[in-house]
């Protein structure tokens, strides 16, 4: 019941002053976000992109946004098909346009440098946008896939695939959770995330849980290997799970500290347990 109420946006809010940001993507989708001010001159900002069936007000994401705003202003945005935004979800494909719109918005309010933090589906969207030349200066992915598997090889992905390919189940998802999911016809077959990294030449941090039920830790290691020199991988211990399941206060502080290090040095710090191929 708690997860249902969070997905519907009934439970959850950003518990600090913020302003509502309204954006329009290049393909005409209206998006809604929240902008939290941060310390310092405001040169650097953070863009936070959530995972599937979440939204910016979901408590885990709201708490992460507040933690990151201790270090820099944060724009946390509802991706298409979710929360207060229009359009239909394409599982990280056309969401790249949402990331591009959010980056333009941040540049427009005076931020010269932006680090984009994408989680699961949001991670795919961030990599897709960065590979396409979007103006991002640093990238953090949490629980990102390395490849798009067809057919899916984990039970959670098999369940999601069953919804994606079924008009009846997509309609039920919209009625139940308020998530508008496009079907396979809306998928443009973008490069796999490990291939997207060929077009990304900025500082990169990949975070992956040891026991991620959706994507194995080897996906995170493959992303780091594909990114090449300067890429950093954090292997989170068993219990981190997938995406926002691992957003504990300690993790939020550590990620905020990593972004502060990136602001100061242009690189992300390593962790005791690192991802390796």
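The values are calculated or read from the model by the stated rules, or taken from the named source; none is laboratory data. As the structure is a prediction and not an experimental result, all values here were calculated from the model. With ideal geometry, Cβ positions are generated from the backbone for all residues, glycine too; neighbour counts draw on all protein chains shown.
Some notes on this structure:
- Single residue of region 60-93 satisfying the filter (over 17 Å from residue 117 (Cα atoms) and within 15 Å of the chain's Cα centre (by Cα)) that is surrounded by the most Cβ atoms within 10 Å (Cβ to Cβ): 82
- Boolean, residue 82 is in a loop (DSSP other than H, G, I, E, B) and closer than 18 Å to residue 253 by Cα: no
- Checking each residue in region 114-148 for being over 18 Å from residue 208 (Cα atoms) and in a loop (DSSP other than H, G, I, E, B) picks out 132, 133, 134, 135, 136, 137.
- Within region 229-239, the set of residues being more than 14 Å from residue 140 (Cα to Cα) and either touching a residue at least 12 places away in the same chain (Cβ under 8 Å) or touching a strand residue (DSSP E or B) at 6+ places or on another chain (Cβ under 8 Å) (or both) comprises 236, 237, 238, 239.
- Qualifying residue in region 46-54 (condition: modelled with pLDDT of 95 or more, surrounded by 23 or more Cβ atoms within 10 Å (Cβ to Cβ) and over 23 Å from residue 246 (Cβ atoms)): no
- If the condition is being outside any loop (DSSP other than H, G, I, E, B) and within 24 Å of residue 71 (Cα to Cα), then region 97-113 contributes 98, 99, 100, 101, 102, 103, 104, 105, 106, 107, 108, 113.
- Residues considered: 269, 213. Of these, the only one that is touching a helix residue (DSSP H, G or I) at 6+ places or on another chain (Cβ under 7 Å), modelled with pLDDT of 95 or more, part of a loop (DSSP other than H, G, I, E, B) and closer than 21 Å to residue 197 by Cα is 269.
- In region 175-194, the qualifying residues are those that are in contact (Cβ under 8 Å) with a residue 60 or more places away in the chain, in a helix (DSSP H, G or I) and farther than 16 Å from residue 125 by Cβ, and the one that is nearest to the chain's Cα centre (by Cα) is 177.
- Hits in region 141-171 (condition: touching a helix residue (DSSP H, G or I) at 6+ places or on another chain (Cβ under 7 Å), in contact (Cβ under 8 Å) with a residue 60 or more places away in the chain and on the phi < 0 side of the Ramachandran plot): 141, 142, 144, 145, 146, 147, 164
- Taking region 168-210 as the range and being at pLDDT below 95 and closer than 25 Å to residue 251 by Cα as the test, only 210 passes.
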